[in-house]
Amino acid sequence: MAATATSSERLGWIDEFTVMEAVHSYFTAANTNPGIHTVLLDNFPGSGSQVDQLLSTVRSVAPSCHIESIELLTDAKTLKQRSRNRRVCHRCERDPISDPRLPAIPSDDDDWKCAQCRGLLHPRRGDSPRLFKARMQRYHLTAAGIRAGFAESGIRVTQLDTTNTIDGAANLLAPLLISRSVSL
Ligand SMILES: [Zn+2]
């Protein structure tokens with residue numbers, strides 16, 4: 001992971017074999033855990049071939065699992081603004097290669113202070129202009145393949161526009177997941 005984190009070519013990408021090994025062992029464990037009802041894969045699958053591999057893994061390990069595919073959308077200006085304003089906390093998110101990704105909540109009195117631990121916040125490494133640009137280019141290249149992969153498998157991709165509702169994204173998602181899983 002460390003070798004891939006700062007490279008604008010690799011952008012934290014791990015080879016597909018390693019990814020699918022991890023996905024397979026995760027779903028095998030999750031399927032036998034009665035406490036797990038829903039699994040949310042954030043930013044995954046990341047390519048058309050990962051869509052195929054994910055679906056075949058889930059169908060073999062957890063055949064009764066219902067799959068929803070959701071794409072969050074926003075405009076280029078909002079994306080840039082979010083990347084400029086995003087901060088992470090090295091204390092609250094102990095990333096193994098010191099590359100925290102989860103947006104931290106700043107305290108009310110100081111934008112650069114973590115609301116949770118009062119530690120100093122930092123810009124996220126992947127939001128540096130060089131890596132951000134490379135990530136966007138990769139997204140546009142791979143998104144079409146990901147959508148096609150789901151479509152070929154008969155899974156509709158639900159697109160949610162989060163431009164004005166980033167805080168409400170969870171509120172948009174929750175009813176979608178609950179109503180569909182209840183209806184099964
Ligand atoms: Zn913190």
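Each value in this text was obtained by applying a stated rule to the coordinates, not by laboratory testing. Not measured: the values here are computed from a predicted model. Ideal geometry is used to build each Cβ from the backbone, glycine not excepted, and the neighbour counts take in all protein chains shown.
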Value of [θ]222 nm, deg cm²/dmol, for the chain, DSSP H segments ≥ 4, -39500 (n - 2.57) each, nearest 500: -14500 deg cm²/dmol
Degrees separating the helix 169-183 axis from the principal Cα axis of the chain, which is the longest one: 10 degrees
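Ranked highest first by average number of other Cβ atoms within 10 Å, how do 54-62, 110-118 line up?
Descending packing order for the listed peptides: 54-62, 110-118.
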Gain upon complete extension [ILE178, HIS66; 0.36 nm per residue less C-alpha separation]: 39.2 nm
Ranking of THR78, THR142, THR18 by count of other Cβ atoms within 10 Å, fewest first: THR18, THR78, THR142
Cα-based Rg of the chain normalised by 2.2 N^0.38 Å, two decimals: 1.12
Test item: Cα-centred dipole of the chain, Lys/Arg +1 and Asp/Glu -1 on Cβ, debye: 460 debye
Whole-Å distance, taken between Cα centres, linking region 86-133 and region 26-47: 26 Å
Nearest-ten-degree value, helix 48-61 long axis tilted from longest Cα axis of the chain: 60 degrees
Kirkwood Rh and Cα Rg combined as Rg over Rh, evaluated for region 17-72: 0.93
Segment ARG84-GLN159, length gained on full extension (0.36 nm per residue, minus Cα span): 24.6 nm
